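Here the structure comes first, spelled out in structure tokens, and everything after it is commentary.
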Amino acid sequence: MAVVLQFLFSVYATYNLLVLFTQVATGITTYCLLYDLTEAKIASLCASFAMVFSTYMLTQHAYGQVIDATQYCVPLCLLAARSYKRNRTLKKAVLLALSLGGVFLSGPYMLFSFGFIFFLGVLIYNAVFSDRKLLQWKVTITEGLLFFACMVAVFLFYFPLIRNLGQWEGGGGHYYSSLASFVAIPFWHRSPWFRSLRVNGIAPEMAFGYIGIASTFLIGYGLFKGFLRKEADFRFWFWILCWVAVLSLGPWLRLTPQHRLPIPLPYLLIEMIPGISVFRSVVRIWSIGTLAAAILAAFSLRAIMKDESIVLRASLGILFIGFIVWEFDVLQINQWYVSSIPSSSYVVVKNDPAPFAILDLPQFYFPEETGFATAGSYYMLFQPFHQKPMVFGYPSRMRKESLTFSSSTPFVYELLHPWVLSKLERPENNATREYCMREGRKILERAHIKYVLFHGSSRMSESDFGIRLKKWLDKSLGPPLLVDSENITLYRTYDSDAEDNPGN
């Protein structure tokens, strides 16, 4: 879809449209699945709203990770599976195969979450807990061929990723949930009172398990009313929710991210399977848990509204949606977009026909922690516009040769590690400081880094590191070429066109 949209719109408009599309499409497909399960319109609408504006979905949008928010194929696949189970026709088998392929192609973590974690949970439930078989083991030749074709298509699309494994660095840390993660209030909420209740020390990537007060209450209501005994679908999805919650804790029980108990959990066995260890952000399986919570909430809402008038049902629905809007600060989402008009600094870079690389600052590299250049993903969004090589720019991880260059080149290293600058100000480092000041511009020119962009509006720019970095740029590179409307200071390190291709 992104490829098609880029024929009609800019890459930035495409990104913004994809953000909106993932929300709308996920809401529609989730509603269709919930209505198929409950046959209750208002309950399905409310629960699908809880799914779309959940901690998991909004965190992915806050981080700009549209690929991980691409959830709409999962409800579509489950709906196709239910339809095919009721009437096993060739047409429905094809639709099931296509929707399954859509799930697997939504992203590697979706492939892991749905293609492995969910189906493993289904197998265990089917073998141990179910009083009726969820899976029919009789598979026809047609079904087998469709599934094989689906897997071939998935392999072809993922082949470039598989072929290039091992060429990237960064992202070494593993993200697991903890028991505290299940009560971790969304980090983006603007209410001072609500923020005062937040559990400190839990990274946003570890807090997907917070399903909200309303959904938690509704699931508790269903348990109190005995839905585990009365409703087979409620029983199954409650198992999936518990299954995901336990696995998201990782191989060992964690009270908080900092406090791990020596109590092994089921994921310890799963982690031993070859290839599973590459999925370092285990908490992303909450994409399935969030859907399970929405389905359970829909069943409880249906029961609560069952014998009520349409006016009362509508009122309860509005109250539920209004509470979700407040609890998850849904109106905050209007700030999560990318400007469709790059600033004049990037226009200058784009219009320069010479071969060269650029360096966006500030960005920090922490090899002892995550290995990420923390702002590099934001700067990378402008690369399709100017189409110039970037030092330390990356779509996901950094190439090894890029890290080698950035870590071993004097002056470039100092710019990417601003805390080093304070050490250079000490008297014992006078010689190194003078060398950097004298040779800095020449080093950038030899590396074909023609432009340096300092993003003054970034939060890191306002830190002590950022302020010191700006002073160094002014001293070593001289007066800037311009300061644009987005508070980006553009430095040009040399005027003549480079004859060689940039090496980064």
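The values are calculated or read from the model by the stated rules, or taken from the named source; none is laboratory data. Everything numeric here is computed off the predicted structure, so don't read it as measured data. In this analysis, Cβ positions are derived from the backbone assuming ideal geometry, glycine residues included, and neighbour counts consider all displayed protein chains. Accessible surface areas use protein heavy atoms only, side chains included; no ligands, DNA or RNA. Shrake-Rupley method; radii C 1.70, N 1.55, O 1.52, S 1.80 Å.
What is the packing order of peptides 212-220, 291-299, 268-276, taking the mean over residues of other C-beta atoms within 10 Å and listing the highest first? Before the final figure, lay out each step's value.
On the way: 212-220: 18.7, 291-299: 28.2, 268-276: 11.6.
Highest mean packing first, the order is 291-299, 212-220, 268-276.
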Checklist entry - Percent of accessible area on the stretch 38-132 owned by carbon and sulfur, 1.4 Å probe? => result 67 percent
Item to check | Loop-resident sites, the stretch 163-247, for trypsin sites (Lys or Arg not before Pro), counting at most 12 other Cβ within 10 Å (DSSP) | outcome: ARG190
Next on the checklist: Could you work out how much longer the chain between SER457 and PHE385 gets when fully extended? Use 0.36 nm per residue separation minus the Cα distance between them, nm to one decimal.
Outcome noted: 23.9 nm
Checklist entry - How far is it, in nm, from the label point at VAL199 to the one at ALA431 when both lie 7 Å from their Cα along the line to the Cβ? => result 5.3 nm
Checklist entry - Ignoring ligands, DNA and RNA, what accessible area per residue does the chain give at 1.4 Å, in Å²? => result 49 Å²
Checklist entry - Contour minus end-to-end for LYS350 and LYS91, with contour as 0.36 nm per residue of separation and end-to-end as the Cα-Cα distance? => result 88.3 nm
Item to check | Intensity falloff of the chain expressed as log10 I(q)/I(0), Debye formula with alpha-carbon point scatterers, at q = 0.08 Å⁻¹ | outcome: -0.60
Checklist entry - Expressed as a whole number of Å, what is the distance separating the alpha-carbon centroids of the stretch 1-70 and the stretch 94-130? => result 19 Å
Item to check | Relative contact order (%) - the chain, alpha-carbon pairs under 8 angstrom, separation at least six | outcome: 16 percent
Checklist entry - By average Cβ neighbour count within 10 Å, what is the ranking of 302-309, 111-118 from highest down? => result 111-118, 302-309
Checklist outcome for this item: Toy charge model, Lys and Arg Cβ at +1, Asp and Glu Cβ at -1: the chain dipole around Cα centroid in debye, rounded to 20, equals 1460 debye
Item to check | Per-residue SASA entry for THR29, accessible area with 1.4 Å probe, Å² rounded to 10 | outcome: 20 Å²
Checklist entry - Using the per-residue mean of other Cβ atoms lying within 10 Å as a proxy for protection, in what order, highest first, do the peptides 424-432, 180-188 fall? => result 180-188, 424-432
Item to check | Accessible area (Å², 1.4 Å probe, nearest 10) - THR140 | outcome: 60 Å²
Next on the checklist: Starting from the 7 Å offset along Cα-to-Cβ, what nm value, one decimal, do you get for the label separation of ILE276 and PHE155?
Outcome noted: 2.3 nm
Item to check | Difference of contour (0.36 nm per residue) and Cα-Cα distance, TYR378 to LEU223 | outcome: 51.4 nm
